[in-house]
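Q: So that we are looking at the same thing, I have put the structure below in C-alpha cells.
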Amino acid sequence: MYKDFTGKKVTIVVSSRGDNLLEYVGTLQKENDNCILMSDVNISYLMLNFQKGFFGNNINQYKENLSQVLINKKYIISCNKD
C-alpha cells in the first residue's frame, strides 16, 4: 500500500489517545506486513480538542525529531507524499 512512497518524503497521521493525533514527516524507508519504517522524522502532537487551545494550550504543543521511527500500520489514518 505504501510501496509507491518508498524513498520519498511523506506525511503520516496516526491516531493517538482520545481525540489527538500524531503527525510524522520523514522519509519512508521500508514497509512490511504490519508496520513501516521512516527516517529523519519530525513528530508533531496535534490536539483536536480546540477548546483547550482557546485557554492557552498550543494546538501543536509537542514536537520531536528522531532518526528512525517504526509505525504500526493499523493506527495510520492518512499518508501523503510531500
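Q: So the check is Cβ under 7 Å with 6+ separation or different chains; which pairs have a first residue in the stretch 49-78 that's within 21 Å of Asn34 (Cα to Cα) and charged (D, E, K, R) and a second one that's at pLDDT 55 or above and part of a loop (DSSP other than H, G, I, E, B)?
A: Matching pairs, first to second residue: Lys73/Asn34.
Q: Give the residues of the stretch 37-80 that are basic (Lys, Arg) and either modelled with pLDDT of 90 or more or touching a Gly at 6+ places or on another chain (Cβ under 9 Å) (or both), sorted by residue number.
A: Of the residues in the stretch 37-80, the ones basic (Lys, Arg) are 52, 63, 73-74.
Correct list: Lys73, Lys74.
Q: Can you tell me which residue in the stretch 1-47 is surrounded by the fewest Cβ atoms within 10 Å (Cβ to Cβ), limited to those that are among the hydroxyl-bearing types (Ser, Thr, Tyr) and farther than 19 Å from Asn65 by Cα?
A: Of all residues in the stretch 1-47, those among the hydroxyl-bearing types (Ser, Thr, Tyr) come to 2, 6, 11, 15-16, 24, 27, 39, 44-45.
From what's left, farther than 19 Å from Asn65 by Cα: 2, 6.
Numbers: Tyr2: 16, Thr6: 14.
Among residues in the stretch 1-47 that are among the hydroxyl-bearing types (Ser, Thr, Tyr) and farther than 19 Å from Asn65 by Cα, the one surrounded by the fewest Cβ atoms within 10 Å (Cβ to Cβ) is Thr6.
Q: Which of the numbered conditions does Asp33 fail, given that it passes all the others? Conditions: (1) modelled with pLDDT under 90; (2) outside any strand (DSSP E or B); (3) at negative phi.
A: Tallying (1) modelled with pLDDT under 90; (2) outside any strand (DSSP E or B); (3) at negative phi, Asp33 fails exactly one: (1).
The values are calculated or read from the model by the stated rules, or taken from the named source; none is laboratory data. Just so we're clear, the structure is a prediction, and the values are computed from it rather than from any experiment. We place every Cβ from the backbone using ideal geometry, glycine too, and count neighbours over all the protein chains shown.
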